[in-house]
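Here is the structure we will look at.
The values are calculated or read from the model by the stated rules, or taken from the named source; none is laboratory data. Here the structure is a predicted model, which is why all the values come from computation and not from measurement. Glycine also receives a Cβ, built like all others from the backbone with ideal geometry; neighbour counts cover every protein chain displayed. Side chains included, ligands, DNA and RNA excluded: accessible areas come from the protein's heavy atoms. Shrake-Rupley method; radii C 1.70, N 1.55, O 1.52, S 1.80 Å.
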Amino acid sequence: MSFRAIRVFKDEQGHRVDTVTLEEHELHEGDVTVAVEYSDVNYKDGLALAHGKGVVRTYPLVPGIDFAGTVESSAHASFAPGDKVVLNGYGVGEGHDGGFAQKARVPGDWLVPLPEALTTRQAAAIGTAGYTAMLSVLALEDAGLTPDSGDVLVTGAAGGVGSVAVALLARLGHRVIASTGRPAEADYLRDLGAAEIIDRAELAAPGRPLGKERWAGAVDPVGSHTLVNVLAGTRYGGTVTSCGLAQGPDLPGTVLPFILRGVTLIGIDSVQAPMDRRVRAYERLARDLDLTRLEKMTTVVGLDEVPDVAGRILAGQVRGRTVVDVNA
Ligand code: NDP
């Protein structure tokens, strides 16, 4: 049976995006076929659709770095038809056909069984951004951060990683400071649980190597000067996680926060994260993410609207999370 998909091509006209009809045998190989119900738009998907550079490793390709759906057929011992599953990363939507299609065919080793408490729509609302936010929170906890340690800063707060991080940390009892460049989203961020909002301009320009000690921990999807200033404002013994580069991939700072304040910087990668960490992250998301708040940060679009959302996410104009109903 044929099905609809977004595909990126590279030919004489360069990189281009089209909505096409495919047959299953045209997808990259895998031992599990999934009827995709929902995918979602992440920053990386924006790059894959805009120009593909640094993301798309093979053409033609169905983009979409994650999806949630129901197993249709399986030659993998762990999965059977009818199982609800979610997939994030492993190069899907980069080097292997991804989630912006009604069907996906992938190695079963890449699939995570969906926790019973979550629907496929909620899993896509969480998406790679939300799962990365959870990986960041797990890293802060593993480093010893508790609500008694002090405030926690979330940068890029109105974006996907940021919104889920704010909601998770607030629900876990932390006092959350949200940094955003969109003052109009202050009420939205307070609704997600932020106790204080700061203007991202405070952190975006070159600053002093060490500043006032303001937060005990931080989740940073922004990088560049912002991350350097976040480190400079971290309390003695505090921990900062770095997962993104919305401002830039550079790290133009000094070692002073590390050697004078014992600050720890932890890198977060969602793409190749080991399976036990993924399962732990989804168990915690199912337990600790307020699903009413998740709904508040979610917008749903159809496949046809994906290219537009992809452009807007690169411009920093998308609020929260955008779910793609691939059957709409
Ligand atoms: P979004 O676009 O949804 O969020 C990014 C946010 O960063 C924006 O909403 C904006 O927040 C802020 N921002 C954008 N541009 C700038 C700028 N120039 N200076 C300062 N802040 C800026 O993207 P996602 O949340 O999906 O992803 C965020 C980052 O995390 C990306 O770089 C992405 O590649 C990375 N990522 C990494 C993963 C990993 O495995 N390591 C997995 C998932 C994402 P506001 O308007 O509130 O200021």
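For every residue, the table says whether it meets (1) in contact (Cβ under 8 Å) with a residue 60 or more places away in the chain; (2) open to solvent by less than 40 Å² (accessible area, probe 1.4 Å); (3) in the same structural domain as L172 (by TED's automatic domain parsing); (4) part of a loop (DSSP other than H, G, I, E, B).
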position: Q272; (1), (2), (3), (4): yes, no, no, yes
position: D276; (1), (2), (3), (4): no, no, no, no
position: V279; (1), (2), (3), (4): yes, no, no, no
position: Y282; (1), (2), (3), (4): yes, yes, no, no
position: R287; (1), (2), (3), (4): yes, no, no, no
position: D308; (1), (2), (3), (4): no, no, no, no
position: G316; (1), (2), (3), (4): yes, no, no, yes
position: R319; (1), (2), (3), (4): yes, no, no, yes
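Which of the residues belonging to segment 28-68 are among the small types (G, A, S), under 26 Å from P115 (Cα atoms) and within 18 Å of the chain's Cα centre (by Cα)?
First pass over segment 28-68, keeping only residues among the small types (G, A, S): 30, 35, 39, 46, 48, 50, 52, 54, 64, 68.
Next, only the ones that are under 26 Å from P115 (Cα atoms) stay: 30, 35, 39, 64, 68.
Of everything in segment 28-68, those that are among the small types (G, A, S), under 26 Å from P115 (Cα atoms) and within 18 Å of the chain's Cα centre (by Cα) turn out to be S39, G64, A68.
Of the numbered conditions (1) touching a His at 6+ places or on another chain (Cβ under 6 Å); (2) within 11 Å of the ligand (Cβ to nearest atom), H225 satisfies every one except a single condition; which is it?
Status for H225: all satisfied but (1).
Just to be sure before I move on: is G82 in a loop (DSSP other than H, G, I, E, B), open to solvent by 30 Å² or more (accessible area, probe 1.4 Å) and closer than 20 Å to R121 by Cα in the structure I sent? Give the derivation first.
Numbers: in a loop (DSSP other than H, G, I, E, B): yes; open to solvent by 30 Å² or more (accessible area, probe 1.4 Å): yes; closer than 20 Å to R121 by Cα: yes.
Here the answer is yes, as G82 does meet what is asked.
R171 versus (1) over 18 Å from G316 (Cα atoms); (2) within 14 Å of the ligand (Cβ to nearest atom): which is the lone unmet condition?
(2)
Residue under question is R214, and the condition is that it be of a type outside the set (F, W, Y), open to solvent by 10 Å² or more (accessible area, probe 1.4 Å) and closer than 28 Å to A315 by Cβ; does it hold? Full working, then the answer.
Details: of a type outside the set (F, W, Y): yes; open to solvent by 10 Å² or more (accessible area, probe 1.4 Å): yes; closer than 28 Å to A315 by Cβ: no.
For R214, the condition - of a type outside the set (F, W, Y), open to solvent by 10 Å² or more (accessible area, probe 1.4 Å) and closer than 28 Å to A315 by Cβ - is not met.
What is the one condition in (1) away from the ligand (no atom under 16 Å from the Cβ); (2) not aliphatic (A, V, I, L, M); (3) not in a strand (DSSP E or B) that R105 does not satisfy?
Among (1) away from the ligand (no atom under 16 Å from the Cβ); (2) not aliphatic (A, V, I, L, M); (3) not in a strand (DSSP E or B), the lone unmet condition for R105 is (3).
Inside segment 241-270, can you point out the residues that are within 14 Å of the ligand (Cβ to nearest atom) and open to solvent by less than 50 Å² (accessible area, probe 1.4 Å)? If you could, list the steps in order and put the result at the bottom.
Taking segment 241-270 and keeping what is within 14 Å of the ligand (Cβ to nearest atom), we get 241-252, 265-270.
Within segment 241-270, T241, S242, C243, G244, G248, I266, I268, S270 meet the criteria.
With respect to the numbered conditions (1) within 18 Å of S163 (Cα to Cα); (2) in contact with a strand residue (DSSP E or B) (Cβ under 7 Å, 6 or more places away or on another chain); (3) open to solvent by less than 50 Å² (accessible area, probe 1.4 Å), which one is the sole condition not fulfilled by A195?
(3)
Within the group T128, T146, which residue is on the phi < 0 side of the Ramachandran plot, of a type in the set (V, I, T) and surrounded by fewer than 24 Cβ atoms within 10 Å (Cβ to Cβ)?
Numbers: T128 fails: surrounded by fewer than 24 Cβ atoms within 10 Å (Cβ to Cβ).
Answer to the check: T146.
Assess whether A232 counts as being among the aliphatic types (A, V, I, L, M), open to solvent by less than 30 Å² (accessible area, probe 1.4 Å) and either over 18 Å from T264 (Cβ atoms) or away from the ligand (no atom under 15 Å from the Cβ) (or both). I'd like the intermediate steps shown before the answer.
Values: among the aliphatic types (A, V, I, L, M): yes; open to solvent by less than 30 Å² (accessible area, probe 1.4 Å): yes; either over 18 Å from T264 (Cβ atoms) or away from the ligand (no atom under 15 Å from the Cβ) (or both): yes.
Yes.
Here's the yes/no breakdown for (1) more than 28 Å from D45 (Cα to Cα); (2) in contact (Cβ under 8 Å) with a residue 12 or more places away in the chain; (3) of a type outside the set (S, T, Y); (4) open to solvent by less than 50 Å² (accessible area, probe 1.4 Å):
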residue	(1), (2), (3), (4)
V154	no, yes, yes, yes
G162	no, yes, yes, yes
H174	yes, yes, yes, yes
E185	no, yes, yes, yes
R200	no, yes, yes, no
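Conditions first: (1) more than 24 Å from the chain's Cα centre (by Cα); (2) open to solvent by less than 10 Å² (accessible area, probe 1.4 Å); (3) closer than 30 Å to E295 by Cβ. G93 passes all but one, so which condition is the exception?
The failed condition is (1).
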